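> Below is the structure I would like to discuss, written out as structure tokens.
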Amino acid sequence: RVMPLTEENVENALVDARTELSQLFGYDPENVQVGITGKVDFVELEGPTVILRLSGRFWHERSLVLARVGNFLQNYIPEICDVVIEDPSQLDDSDKPALSEPSTFDT
């Protein structure tokens, strides 16, 4: 369904994104159990640009999460020209463990 660009519609589309893209976020109890606590929140609308906030830990790279959510929102609300992050530091994945770290299951 296509909606006009309003703050309320962005909030509603974001609620749908949290459900449809649930594997990206920490809203689901199963995700929280494995350490995925990532959240995405609406900050404000600046003309046709949506500003979001990312917090918590994500399984995927934060830039990918932002891109997926942005694509989702733009499919619902074609008037959106861009989806950006409130603060560039929110795209920092440095708290994510490196893939080469040994696991506790290694002998």
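The values are calculated or read from the model by the stated rules, or taken from the named source; none is laboratory data. Remember, it's a predicted structure, so these values are computed and weren't measured experimentally. Neighbour counts are summed over all protein chains in view; Cβ atoms, including those assigned to glycine, are modelled from backbone coordinates with ideal geometry. Side chains included, ligands, DNA and RNA excluded: accessible areas come from the protein's heavy atoms. Shrake-Rupley method; radii C 1.70, N 1.55, O 1.52, S 1.80 Å.
> Show me the helices (runs of 4 or more DSSP H) found entirely inside segment 1-94 where at least 2 residues are among the hydroxyl-bearing types (Ser, Thr, Tyr).
62-76
> Sticking with this structure for a sec: Which count do you get for residues in segment 46-65 that are within 23 Å of Val32 (Cβ to Cβ), among the aliphatic types (A, V, I, L, M) and surrounded by fewer than 19 Cβ atoms within 10 Å (Cβ to Cβ)?
Adding up the residues that qualify gives 1.
> Between a first residue in segment 75-86 that is touching a residue at least 60 places away in the same chain (Cβ under 8 Å) and a second residue that is among the β-branched types (Val, Ile, Thr), which pairs have beta carbons less than 7 Å apart while being 6 or more apart in sequence or on different chains?
The qualifying pairs are Tyr76/Val2; Ile77/Val10; Pro78/Val2; Ile80/Val50.
> Determine whether Glu11 is in contact (Cβ under 8 Å) with a residue 12 or more places away in the chain, in contact with a strand residue (DSSP E or B) (Cβ under 6 Å, 6 or more places away or on another chain) and of a type outside the set (Phe, Trp, Tyr).
yes
> Any residue that is open to solvent by 70 Å² or more (accessible area, probe 1.4 Å) and either of a type in the set (Gly, Ala, Ser) or more than 17 Å from Val84 (Cα to Cα) (or both) - is there at least one of those in segment 34-45?
Among the residues of segment 34-45, at least one is open to solvent by 70 Å² or more (accessible area, probe 1.4 Å) and either of a type in the set (Gly, Ala, Ser) or more than 17 Å from Val84 (Cα to Cα) (or both), which makes the answer yes.
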